[in-house]
Structures are given as structure tokens and as C-alpha cells.
Amino acid sequence: MAKLTLTAAILSLGAAFILTTPADAGPINLTLPGGYYDSPSGYDFVSTFPPAGSTTIGTFTFSIPAGELVTGMTISGSFGNGDNGTTALSDYYLGYSGNETAVEVAGCDNIAADCYSGQNGPYSWAYTLTSADLSTLASAIAGGSLDFTYTWDNNTVVQIPGDLQYVYAGDPTLAIQVSPEPASVFMCLGGLAGLAALRRFRRV
């Protein structure tokens, strides 16, 4: 009777571990230092033009706990900020050295959109990365570093000499969802089962 009771207790402990281990242990919430971004230079798209390529707003740095996997990721922010409620036409990305525009996460692409011409900004946006996005960023995620960047859209619709346009971005936040690796759970169960078997063997 004692053997059965001890074995049952060990197996019950394993079952309790499965039931109480959360499917998701996250999220890990990150914000960039400063909380908002104003482009250092403005351009009128008549005599002055923005540089080609991307500009880095900031870098999210993090550490994924041992034995856990990234299962999801959402980034949010705003077009415009406390300095100005709208922004120049621009696109935003998560990337890494060598591919700073790996995954597009937001875009202000139309002069009729609130992000560009609205009167009640800033205007919030959010994007949840797909499995394909996470795969594209896998090496950067493993390294614990993701760059948040933007590119200027070539605004040839509104061209007023001397009317400089700026990029204004507010409060970028990255939420990383993690969960235990299946192998970790199975190893724990295997250890409990082995303990139960050893206890039974030593009692025989």
C-alpha cells in the first residue's frame, strides 16, 4: 500500500506540474529609452531630400529565459508624439544589422490618412508578427537584439519650398510572448517517472 501511495504521489506531482505550467510565461515588455523620436532633420522634397535607406530609432535588447521559446511578438507605437501629432510619410520596421528593414510593422503612406493630416493625433498603431516574420528575425531574436527603424516615403504630392517635413514617432513598445520548451516539460515528467520506477524497484 505504501508503494502505491508513494508512486501515486509522485505521478500526481507530475500532473500538477503540467496543469500549473502556463502555456505562455510572458510577455516580456520592452520600451525604447526616451519613449519617442523626432527626426533630427526635415525636408521639403523640393530642394532638400531625406537620405536613402533606413534610419534606426532605437534597439530593443532582451534575454529569453533558458528553456523557453518565443511564441509570439507584438510591437506598438504611434504616428506622431507629444511634440507633433502627425508624421511625415514613412514606414517602420523591425530588423537587425545587415537587414534593417527585415519586417515592416507600420506605415504612414497617404497624405489623406490621419497619421499625416489628422487633427487629433498622435495615432496609435500595433502589429502582431506572423510565424513567417518570427522566422525572418530568428537569428536576431536568438541574439536578443532587434532594431526599430524607419524609411522616408518619397513625398512628391505635397511639395512646398521651405515647408520642412519631419518624422515623429511615439512610445514604441515590444511585447515578446514566451512559453516553456516542450523538451523541458517532458524531461521533468521523465525524471518523475524514473523516480517512481526506482522507488518501486527498491521496495520489491
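For the reader, a short list of remarks on this structure follows.
- Environment charge at Ser117 (Cβ cut-off 15 Å; Lys +1, Arg +1, Asp -1, Glu -1): -4
- D_trans [Stokes-Einstein, Kirkwood Rh over alpha-carbon pairs] for segment 110-189, 4 °C, 1.567 mPa s, µm² s⁻¹: 76 µm²/s
- Residues whose amide H falls under 5 Å from that of Gly58, counting only those 5 or more places apart or on a different chain, are Phe148, with hydrogens built in the peptide plane.
- Normalised alpha carbon radius of gyration of segment 24-181 [divisor 2.2 N^0.38 Å]: 1.10
Read-outs: derived from the displayed coordinates by stated rules, not from any lab. From a predicted model like this one, the values you see are computed outputs, not experimental measurements. Cβ sites come from the backbone with ideal geometry, for glycine too, and all protein chains shown count toward neighbours.
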